[in-house]
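As structure tokens, the structure follows; a few thoughts come after it.
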Amino acid sequence: MLLQNSTHKTLRISETKDDLPQQEWVRSLLLMVSLVGLVVGLMGLYTSNRPSAYVQNVLALPGERQQGAAIFSMNCAVCHGLMADGRVGPSLKNVSMRKSPAALIEQVTSGKTPPMPQFQPDPQVMADLLSYLESL
């Protein structure tokens, strides 16, 4: 191995056979750290994409479409229109073709799209509303 010091002289440092096990150890350590980082990253992706307990509870319940229509007209129609064709809020016609059931629940409960408020209704109420939204 060649090195230059501050006076630009070239120094020759020989690698001995004793240095090789140390280099292999360092390579093995770097490989192991990289693999652990990859596994931890993949686990983070898995857990961040898993629905919350609330969403899982809602999805486990059978929704009643007519009850959901009543909930919609009392809480949502002011912005989304009585026929869900949009006003202040967007049209919800065929919304279930654009969003999964879990994504619809998250959209309704998150409050991440102002002016829509954040709220978390009882799981059965949400299951009923979801059933109605899926029928649009």
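What follows is calculated from the coordinates using simple rules that are stated; it is not laboratory data. As the structure is a prediction and not an experimental result, all values here were calculated from the model. FYI the Cβ positions are ideal-geometry reconstructions off the backbone, even for glycines, and counts take in every protein chain you see.
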Geometric extent, Cα atoms of segment 53-135 - Rg, Dmax (angstrom): 11.5, 32
Simple label model, 7 Å out from Cα along Cβ direction - Q107 to D122, nm: 2.5 nm
Theoretical gain in end-to-end length, R87 to K99 [0.36 nm per residue, Cα-Cα removed]: 2.4 nm
